[in-house]
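Trainee: Provided herewith is a single structure, encoded as structure tokens, for subsequent inquiry.
The values are calculated or read from the model by the stated rules, or taken from the named source; none is laboratory data. The shown structure was predicted, so the numbers you read here are calculated from the model rather than taken from an experiment. Note that we place each Cβ from the backbone using ideal geometry, even for glycine, and neighbour counts take in every protein chain shown. Protein only, heavy atoms only, side chains kept; ligands, DNA and RNA dropped before computing areas. Shrake-Rupley method; radii C 1.70, N 1.55, O 1.52, S 1.80 Å.
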Amino acid sequence: MTHIARRRVLAGVAAGLLTASLGVATGSGAASAESVRPCSVSPLPYPADSYRASADAIAPTGRFIAGSGLRTSGPVNEPLLLLWEGFRLTTVVSPLVETVVDVNNDGVVVGYGWVNGHSQPWRYRDGQVQPLPVPPGSQGTVVTAINTAGDVVGHSNLATTGEFISVIWPAARPGTVEVLDAPAGAMASGIIDDGTIVGTAGYLGASTGWIRHPDGRLAELTMPDSLSTTVNGAGGHWAIGLANQGGSNSTKVRWDLRTGVGTALDPRLPVVSDVNAAGVVVGGDRLTRGGGSVLLPGGGGARAIADNGVVVGFRNNDGDVRPIRWIGC
């Protein structure tokens, strides 16, 4: 369960996500004037020689947490994949693991890195980081989500046309990548356990959210009086994203995938980062179950939420970024 920001050029994805994440305000001065969620916050262990580490994804059961880190090795940065099972940390060093996207209940982690200036997807399982195959003609491919079965979705940018296509790496056919039957210019952003896939088609300002049902039926995810919609991800039978009313006016939205109906969320949510099976949405320093939202204690930026309410993210203290989790939310 996670989200990925939409970008016209795939090469800007990683930088955009990092900027958005580290830009979340971490001060808790507003807490006295607002309702604060009565849950506890605690640090996660991280490599002592890392200069940045964050928790980026959590499995639906909450058993596994996946994150990323950086440390210096001579004159270069060395990306780290961080995988927690409880408080037991496994650190994996690989040049591919620059961006960690999602983790499932079996501890399989997916993400992407960069090879010769192009984004390259990968999967971590059985102790190994494995590059995932990419479609012919791709000039960059990213993954965006993995479900319990191990099916992975993402999207590619075609070198010949510059258009996006949605792709799936099916768990039932290891070592293969398939182009999804999806709207033109589609970017898949989420997959749930029954195989339902969501995403966005078109360009910023003129995009439309979509849902692809397990039987192949396609439908739009829209909002009344909106010029465009963008779907960031999915969890349970919910999807989250944005509806644009023109200019800089946008509404955070949660869609019920059983009906396709969207509901506007509290505008105080800085971003919509993740949603769990109960429809609880997190983003920035806030959490919402219904129409309103509450502050998460201790400051920080929430990246993902498990079905049991555990939230993970980071705390940024003047550039010192460290992984944290909230329990009892």
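Trainee: Filter the trypsin sites (Lys or Arg not before Pro) in the stretch 173-262 down to the DSSP loop ones having no more than 15 other Cβ atoms within 10 Å, then list what survives.
Mentor: Arg217, Arg258
Trainee: For the stretch 298-303, what does the Karplus curve 6.51 cos²θ - 1.76 cosθ + 1.60, with θ = phi - 60°, yield as ³J(HN,Hα) per residue in whole Hz, taken in order and with x for Gly and Pro?
Mentor: The phi angles translate into x, x, x, x, 7, 10 Hz.
Trainee: Here's a follow-up. At 7 Å along the Cα-to-beta-carbon direction for both Thr160 and Asp181, put a label point, then send me their distance in nm to one decimal.
Mentor: Distance between label points: 2.2 nm.
Trainee: Please express the Cα-Cα pair-distance distribution P(r) of the stretch 37-117 as a list of whole percents, one per 10 Å bin, running from 0 to the bin with the greatest distance.
Mentor: 18, 49, 26, 6, 1
Trainee: Okay, next question. Among Ala55, Gly233, Leu295, whose Cα projects farthest towards the positive end of the dipole of the chain, with charges put on the beta-carbon of Lys, Arg (+1) and Asp, Glu (-1)?
Mentor: Leu295
Trainee: Accessible area per residue, 1.4 Å probe, Å², for the chain: what's the number?
Mentor: 39
Trainee: Only helical DSSP H runs with n ≥ 4 go in: add -39500 (n - 2.57) per run for the chain, normalise by residue count and round the 222 nm mean residue ellipticity to 500 deg cm²/dmol.
Mentor: Theoretical 222 nm ellipticity from helices: -1000 deg cm²/dmol.
Trainee: Read phi for every residue in the stretch 186-193 and hand back ³J(HN,Hα) as whole Hz from Karplus 6.51 cos²θ - 1.76 cosθ + 1.60, θ = phi - 60°, with x for Gly and Pro.
Mentor: Rounded to whole hertz, the list is 7, 10, 5, 10, x, 9, 9, 5.
Trainee: Oh, and also: Quick one: plug the Kirkwood hydrodynamic radius of the chain (C-alpha pairs) into Stokes-Einstein at 20 °C, 1.002 mPa s, and report D in µm²/s.
Mentor: Answer, rounded: 110 µm²/s.
Trainee: For the stretch 144-172 and the stretch 278-313, what is the separation of their C-alpha centers, rounded to whole Å?
Mentor: Using only Cα atoms to place each centre, the spacing works out to 27 Å.
Trainee: Once neighbouring chains are kept in place and the probe is 1.4 Å, which whole percent of the accessible area of the chain is contributed by carbon and sulfur?
Mentor: 54
Trainee: Hey, got the dipole for the chain? About the Cα centre, +1 on K and R Cβ, -1 on D and E Cβ, debye to the nearest 20?
Mentor: Roughly 380 debye, rounded to the nearest 20.
Trainee: Among Pro136, Trp326, Leu242, which residue has its Cα furthest toward the positive end of the charge dipole of the chain, with +1 on Lys/Arg Cβ and -1 on Asp/Glu Cβ?
Mentor: Trp326
Trainee: Classify the stretch 94-179 as rounded, prolate or oblate, taking a ≥ b ≥ c as the square roots of the eigenvalues of its Cα gyration tensor: rounded when a/c is under 1.5, otherwise prolate if a/b is larger than b/c and oblate if not.
Mentor: oblate
Trainee: Give me the log10 of I(q) over I(0) for the stretch 32-174 at q = 0.11, 0.13, 0.16 Å⁻¹, as the Debye formula computes it from C-alpha points; what are the numbers?
Mentor: -0.46, -0.62, -0.86
Trainee: Okay, next question. What spacing in nm lies between the two simple spin-label points modelled at Gln245 and Glu85, each 7 Å away from Cα in the Cβ direction?
Mentor: Spacing of the two 7 Å Cα→Cβ label points: 4.9 nm.
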